[in-house]
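Okay, structure first, notes after.
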Amino acid sequence: MSDTPHFPVFFIVNPEGAIGGPKATQNWFNEITNKIRQGLEACCSDVDFTYYYVRNIDDLKEALIKESGSVGYLVFVLNCISGLLKPLLDTGKPTILINETYGGSGDYVLEYGEAVKKGLPVLGISTRKPYDPGLLRKMVNYLVLLDKLKRTKVLFIVPKAAKYYLSLEYPLSIDIYGLLKTFSSITGAGYVVLDSAGFKDKYYSKVDDAAAEEIAKKWVRDSLENRETDYNEILKSAKMYLAIKKAAEELGARVVAVDCIVLRNTRELDAWPCLAYMQLWYDGIIPVCEADIGSTIALMIGKYLLGINGFITDPAVDEENNEIIYYHCYAPTNPSGTDKPEYPYVITPAHLGEKRASQRVLFKPGTKLTAVGLSLDERTLTIHTSELVRIEESEHACSNKLVAKTNVRNIVLNWTRRSGWHRVVFLGDHREAFINAAKLLGLKIIEEDK
């Protein structure tokens with residue numbers, strides 16, 4: 001299979017409608033569809049498109065049969081009132097609608113709102129310039145996201161017993177281990193499960209000590225400060241990094257989710273992966289703390305749609321001061337997705353010294369934050385935004401503590417229990433993009449801060 005994404009483009013060009021008489025309308029269709037095709041070629045050279053000119057229901061049926069395997073449709077509504085938009089939307093396939101203001105608005109206003117009310121996976125915009133390259137790139141990116149999700153394989157590294165539960169979809173393990181099938185049904189992504197013994201025997205135990213030493217020394221050298229007094233913990237984290245990277249490469253995984261707390265606390269693994277997670281972003285591998293399946297989806301959306309790197313947090317709330325503190329023991333040093341570090345970091349113990357080889361990133365106050373959660377069994381995306389006011393340093397709990405201002409009381413009252421405690425944090429205000437992606441994935445949306 002080619003790595004180049006392919007999407008069908010439907011031009012709704014019924015000859016009779018709002019634009020004008022058939023002859024003049026056809027001339028206009030030729031002009032505007034050529035401009036749209038040129039716009040797509042200018043903005044999306046990394047994508048293959050197949051074009052269909054839908055004039056009647058037979059054209060539509062033929063195109064839908066040919067493109068039944070597509071992850072979604074890109075539809076340009078150029079004339080109305082033909083009734084051709086409704087059967088297309090009713091297929092339930094993720095659909096991007098771009099409506100030309102004068103030509104298509106009759107069908108667009110009649111059908112788009114109804115489709116949204118029905119919960120169909122559709123995202124639309126009406127414009128006088130449906131050929132604008134900037135707009136086209138923005139909308140095509142949502143289909144690229146769906147394509148990347150479907151092509152992704154996620155590697156879950158879990159305790160030995162959990163592998164058995166996962167293989168059976170064990171009904172009592174609904175909070176974590178009963179949701180992998182739901183994860184795949186939402187995203188289309190595949191996954192592979194590797195138990196701790198297999199990971200340790202095949203990868204972790206075979207890491208070259210000299211290679212790990214080189215990585216560990218680099219981490220210390222590149223850090224703003226190293227407060228970890230047990231260098232061996234950093235060295236073991238470097239071994240963990242090299243083992244995860246090797247496993248991902250051999251198994252074809254673009255995402256790695258490690259059940260790190262359980263594996264470390266049960267002594268099935270002897271290393272913390274926080275520094276490893278920091279490094280994996282630079283290898284094009286998405287790291288997921290605590291094998292959190294819902295957060296995996298949020299991280300993939302952020303990376304595939306926006307090119308940004310997020311991180312899982314435990315949100316703590318201070319209602320008296322209207323502050324929310326996002327804490328965890330790791331964060332990316334390149335949250336904008338660049339190939340070079342953007343923020344300095346400190347290597348430090350955490351949790352009153354019990355947790356070793358943690359990492360704190362010194363983000364700058366004043367930036368907007370977007371926090372995303374997923375309830376998989378309720379097929380719901382939760383989201384809120386906030387503003388970072390300071391980085392707090394203390395020995396208790398996790399090493400990263402991002403203190404932010406938002407409507408904390410609303411967030412507490414709107415919290416969805418089945419979304420769990422975790423929220424994935426991204427730098428910047430990305431509310432609209434995540435909401436649009438959720439719509440196309442068929443997810444309900446809760447804006448926690450509203």
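The values are calculated or read from the model by the stated rules, or taken from the named source; none is laboratory data. Since this is a predicted model, take the numbers as computed values, not measurements. Please note: Cβ atoms are built from the backbone with ideal geometry, for glycine as well, and neighbour counts cover all protein chains shown.
If TYR131 passes every condition in (1) at pLDDT 95 or above; (2) surrounded by 13 or more Cβ atoms within 10 Å (Cβ to Cβ); (3) not in a loop (DSSP other than H, G, I, E, B) but one, which one does it miss?
With (1) at pLDDT 95 or above; (2) surrounded by 13 or more Cβ atoms within 10 Å (Cβ to Cβ); (3) not in a loop (DSSP other than H, G, I, E, B) applied to TYR131, the lone miss is (3).
If only one of LYS35, LYS23 is assigned to a helix (DSSP H, G or I), more than 20 Å from TYR142 (Cβ to Cβ), touching a residue at least 60 places away in the same chain (Cβ under 8 Å) and among the charged types (D, E, K, R), which one is it?
LYS35
Can you find, within region 384-416, the residue that is surrounded by the fewest Cβ atoms within 10 Å (Cβ to Cβ) among those that are closer than 12 Å to VAL317 by Cβ and among the hydrophobic types (A, V, I, L, M, F, W, C)?
LEU413
Of all residues being in contact with a strand residue (DSSP E or B) (Cβ under 8 Å, 6 or more places away or on another chain) and acidic (Asp, Glu) in region 412-450, which is farthest from LEU299 (Cα to Cα)? Just the residue, please.
ASP449
Give LYS246, LYS236 a once-over and let me know the one that is among the charged types (D, E, K, R), buried (at least 22 other Cβ atoms within 10 Å of the Cβ) and not assigned by TED's automatic domain parsing to the domain that holds TYR142. Can you show your working first?
On the way: LYS246 fails: buried (at least 22 other Cβ atoms within 10 Å of the Cβ).
Among LYS246, LYS236, only LYS236 is among the charged types (D, E, K, R), buried (at least 22 other Cβ atoms within 10 Å of the Cβ) and not assigned by TED's automatic domain parsing to the domain that holds TYR142.
Please indicate, with yes or no, whether at least one residue in region 14-25 is surrounded by fewer than 19 Cβ atoms within 10 Å (Cβ to Cβ), touching a Cys at 6+ places or on another chain (Cβ under 7 Å) and of a type in the set (A, V, I, L, M).
yes
Can you confirm whether ILE411 is under 15 Å from TYR326 (Cβ atoms) and in the same structural domain as TRP272 (by TED's automatic domain parsing)?
So ILE411 passes the test.
Scanning for something under 29 Å from the mean Cα position of the chain (by Cα), part of a helix (DSSP H, G or I) and among the acidic types (Asp, Glu), does region 239-253 turn up at least one residue? Outline the logic, then answer.
Looking only at region 239-253, we keep the residues that are under 29 Å from the mean Cα position of the chain (by Cα), and these are 239-253.
Narrowing further to those that are part of a helix (DSSP H, G or I): 239-251.
Within this subset, residues satisfying the condition of being among the acidic types (Asp, Glu) are 249-250.
Yes, there is a match, as at least one residue in region 239-253 is under 29 Å from the mean Cα position of the chain (by Cα), part of a helix (DSSP H, G or I) and among the acidic types (Asp, Glu).
Whether any residue in region 303-318 is of a type outside the set (S, T, N, Q) and more than 29 Å from LYS439 (Cβ to Cβ) is what I want to check.
Checking region 303-318: at least one residue is of a type outside the set (S, T, N, Q) and more than 29 Å from LYS439 (Cβ to Cβ).
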